[in-house]
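> Take a look at this one; I'll ask things after.
The values are calculated or read from the model by the stated rules, or taken from the named source; none is laboratory data. Keep in mind that what you see is a predicted model, and the values were worked out from it rather than measured. Neighbour counts run over all protein chains shown; Cβ positions are idealised from the backbone, glycine included. The protein model used for the area step is the full one, side chains on, heavy atoms only, and it has no ligands, DNA or RNA in it. Shrake-Rupley method; radii C 1.70, N 1.55, O 1.52, S 1.80 Å.
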Amino acid sequence: ANTAATRPFLDALEARTDLIAGRPAWFTVTVKDAPGNVRFVERDLAGGVGTWGSLVVTQIDGANPRGPGAVIFRGVDAVMDNVTGAHNVSFTPTVAGKIRVSVRVESDGSFLYADAPVRSNSVNASASEIFGVGADAGATAGETTHFYVQLRDALRNPASLEAGVDLRVTFAALGGSDGSVSLASGGPTEVAGRPGRWKVSFVAARSSAGDYRASVSVTLSGGGGDVIGGGAKEFTVHDGGGAIDPAKSVLMDAYGDEADVLAGGSAADDIVFHAQLRDGNGVDVDDRGTALVAVTVLGLDTTDGSSASSVSSEWTTGGRVTFKLRTNVAGVYAVAAEVCPKSSDGTSCDGDGWVAARNDGASITVAPGAPSASVSVVECGRSASAANTPATCAVTLRDAFGNDVGAVGDGLAQPPTVIARLDPPSGVGALPAPCEVRPDERDGTFVVTCAPVVSGTHSLRTYLDPFSIESPAAAELIGGAASPVTVTHGAFSAEKSDISLPVNHAAGETLVVKIAARDAWSNAYAARDVAFSATVTPSGGSTFTPALSSPTGAAMDDDGRFVVAIPASATAAVGRYDVDVFHSPGGARVGSRTSLNVVAGDANGIHSKIKPSGSSSVARAGWTDTFGLVIDARDARGNVVTDPDVALKTTVTATLEPLEGFEAWVGDVVTRRVDGSFRSGFIPRVPGTYSVTATFPGGTVTSPHVVRVHLAPAPRLVRARMADSLGSIDVGFDAATDRALSGGSCAGLLSDETVRILGTGAHCAWSNDFVLTLYTGKDPIAMPRTALSVADRIELRPGVVRAKLGASRAAFGAAEIEPPLNPLAVDAHLVGPTTIGAC
């Protein structure tokens, strides 16, 4: 089966909270892949080759009571539940305190953990112990001294008394001595900060001179009589205290421990320790005035004001000097302690000089404080990361004083939580890139790994212990500001890249193909380390010869696109071509095949011509009729230009050489605008020779074409109609006339007979270019055609009326007078005798 993801994701561990040292315990681990699917693989947590994880249990809260090599658990066994897929981990903890169960992912070194408290078991008397100066070195008669009882369980973990149980202390004088030992007032007291530890103060008395032996036994009330440590502890009661012995004086911590490692504390807190003076018997000396004590914390710079480091001291009871160490600088410090008995004058050392205390050089650890988001730092590499390549940053947690805290915290403190979010570049609508945060156990930092796929400058925001993971607060932002993470494009992807071509390409021009190079995530590819080649192939049934460009390397335009230039000869002919671009080397096709229209170049007057739209270059003059022209536009290579935009920007010019006698009529020649099909024309109103040319947008002009225009036919008399008023006659022509002899006289326009029938004083006037109106005079006899009569005729005088501008032959002929369309009504009245006689 296919694997859903390349590495596992582990659920948070469900650790038990009632673990007891020495008793079997369990917890569960569920192993999941990145999408959240449970993995049903038994060996996931077995460790070793071929597995995804391993399980480790460690102690994180102080020294192991049985030494650094002791086993703190037994019998770890992870068994997978075949129903739920959870690994049920059973084990027996052996160390009380706090343990951490870690599951490591072998594939990337990350791990998740859960912490669980382990309580000690019941107090075991034989495993418990009595120690301290009073029990080990003895006591001085008449002086109060003490010893400690450390209660432990069977596994030697510090154990506390159960409710209702207390300590019973019994002293006895040995060897028939008359001395006596008794508890000091208050009885045993529990030592704060040390579970199961009790301080027992007592006073030894004597009635005669000399030392004597005594014993002490400690039992638990209701404990069956078992004695702490397995039996009574013997000690010596000394007759009197001796002189101070510097070599037996000792450094001890606030809990009374006299080891070489003293209990420490946190930065900026007071760390208390003591120098205890003792005599030659090793017993505490209650005399503060007979010795000088010098303590130096090595490596502590008390002159640096920024560290606020200091060591103060004061004498306390019992021959003890109490010191308080305070510093902002975390670390492990050695404490040098020397003691010198005073000379007789009480101001200087005696003849033996300064002597080192018994545990001179004991160490104190100053732990860092709680991590501070504002002081902690995020460090990212200076070099940019490629898209989908892990970008790694290191988060160093520091306390308020700049001490490195470490990834797992200190002691019982809650381990810090760090989350990270990588926001996309400004203006990019992508979602924040996922980031993984894991502790680096080698140096205590957190390693933030993000794999953004969008190029640009991202903003990494890391937060410390956010109250809300979904909406962390600004005060939780580590370093107080976002860290820039620059991401460049990834490896070139021919599939994601695309090419751009012009919609139409002029034939014979160099074809420029532009490649918008992209990586697999569609980021612009800007590195000048790729080359491209292109082929141009005629589409379909075209017979053009394919063309191949030479590989072009890192040539780019102003928009960051790579450029491939294809020679002009490859697209010299008009047609449709297929363009393919390939990545060099490798030959992968860039984008997909793209089609290109190669169109004619700029219209060229030398190779173009203008001609009649018909078959003849001869026309007759006229006022309204257009002589059609068509332009055969071609580019410099003879390709036909069909672009309507070029046609609409082309102009036609016609110049006239008129026939003799028509010079006075020559004016602007009316030409028609060229349409999108390269068609035009002009109106030949004047007879003569016309030269027509076409001027293209580039300014080139065709050779002139000659059109010869002859006289037009004479205007034809088509109608003579009497007006409705019966007082005039409209004479109409089929063409515009020159309005000959328009002064009002009819004699120059009409035949003599026509003038006669119009009556005396008739006159003629042109209503427009097409109509001559005849106004009848006195006693006209001109009659229209009726049902009872034959119409009279209106006859032109030959050689007078011609077409407009006189560009025609003279009109002639006659037309019958037609009756009016809506004549005036005529009423006839007969007046005569009212009676008629017989015939």
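> Express in whole angstrom the spacing between the alpha-carbon centres of segment 676-733 and segment 594-643.
What the calculation gives is 22 Å, centre to centre.
> I've got another one for you. Take every DSSP beta bridge whose two residues both sit in segment 119-257, then give the antiparallel share in percent to the nearest 5.
Here the share of antiparallel DSSP bridges comes out near 95 percent.
> Going by Cα centres, segment 190-229 and segment 425-497 are how many Å apart?
About 62 Å separates the Cα centre of segment 190-229 from the one of segment 425-497.
> Pairs of alpha-carbon atoms within less than 8 angstrom and 6+ residues apart define the contacts here; what relative contact order does segment 680-722 have, in percent?
37 percent
> Let me ask another. Report the full-extension gain for the segment Lys649 to Ser691: residue separation times 0.36 nm, less the Cα-Cα distance, to one decimal in nm.
That pair, Lys649 and Ser691, stretches by 13.1 nm at full extension.
> Quick check for me: using +1 on Lys/Arg Cβ and -1 on Asp/Glu Cβ, what's the dipole size of the chain about its Cα centre, in debye to the nearest 20?
Dipole about the Cα centre, nearest 20: 4180 debye.
> If amide H atoms are built 1.01 Å from N in the plane of the peptide, which residues on other chains or at least 5 residues away come under 5 Å of the amide H of Gly280?
Correct list: Gly242, Ala243, Asp245.
> Find me the longest stretch of the chain that has none of the exposed GluC sites (Glu not before Pro), where exposed means in a DSSP loop (not H, G, I, E or B) with at most 10 other Cβ atoms within 10 Å.
Counting only loop sites that pass the neighbour cut-off, the longest clear stretch is 1-469.
> Okay, moving on. Extension gain Thr594-Arg785, at 0.36 nm per residue separation less the Cα-Cα distance, in nm?
Contour length minus Cα-Cα distance gives 60.8 nm.
> Quick one: of the DSSP bridges fully inside segment 576-718, what percent are antiparallel, nearest 5? Intermediate results must be reported in sequence, preceding the final value.
On the way: 30 of 33 bridges.
Of all bridge pairs located within segment 576-718, approximately 90 percent are antiparallel.
> Still on this structure, please answer the following. Using alpha-carbon pairs under 8 Å, 6+ residues apart, how would you state the relative contact order of the chain in percent?
The normalised contact order for the chain reaches 5 percent.
> While we're on this one: Using only helices, what value at 222 nm comes out for the chain when you add -39,500 (n - 2.57) per DSSP H run of length 4 or more and divide by the total residues, to the nearest 500 deg cm²/dmol? Can you show the working numbers first?
Numbers: 3 runs with 15 residues, N = 839.
Estimated from H runs of four or more residues: -500 deg cm²/dmol.
> Expected output is a single nm value to one decimal: the length gained when fully extending between Ile469 and Ser767, i.e. 0.36 nm times separation in residues minus the C-alpha distance. What is it?
Here the answer is 97.5 nm.
> Check Ala712: other-chain or 5+ apart residues with amide H under 5 Å from its amide H, H built from backbone geometry?
Ala621, Ser808, Arg809
> Suppose R0 equals 60 Å; then what is the FRET efficiency for Ser677 and Asp33 from their Cβ-Cβ distance, rounded to the nearest 0.05?
Once rounded, the FRET efficiency stands at 0.30.
> How much area per residue is accessible in segment 439-509 when the probe is 1.4 Å and only protein heavy atoms are counted (Å²)?
Per residue, segment 439-509 has an accessible area of 49 Å².
> Here's another thing I want to ask about it. To the nearest 0.05, how large is the calculated FRET efficiency for Glu818 and Val503 if R₀ is 56 Å and r is the Cβ-Cβ distance?
Details: r = 64 Å, r/R0 = 1.15.
FRET efficiency, Glu818 to Val503: 0.30.
> Here's something else I'd like to know. Please turn the phi angles of segment 347-355 into ³J(HN,Hα) values with the Karplus equation 6.51 cos²θ - 1.76 cosθ + 1.60 (θ = phi - 60°), one per residue in order, whole Hz, x for glycine and proline.
Result, ordered by residue: 10, 9, 6, 6, x, 6, x, 6, 10 Hz.
> Just how many pairs of Lys in the chain have C-alpha atoms closer than 26 Å, counting pairs that are eight or more places apart or on different chains?
Lysine pair count for the chain: 11.
> With each label point set 7 Å from Cα along the Cα-Cβ vector, what nm distance links Arg168 and Asn82?
It works out to 5.8 nm between the two label points.
> Relative contact order of segment 240-348: what whole-number percent is it, with Cα pairs under 8 angstrom and at least 6 residues apart?
31 percent
> Can I ask one more? Using a 1.4 Å probe on the protein heavy atoms, what percent of the accessible area of the chain belongs to carbon and sulfur?
51 percent
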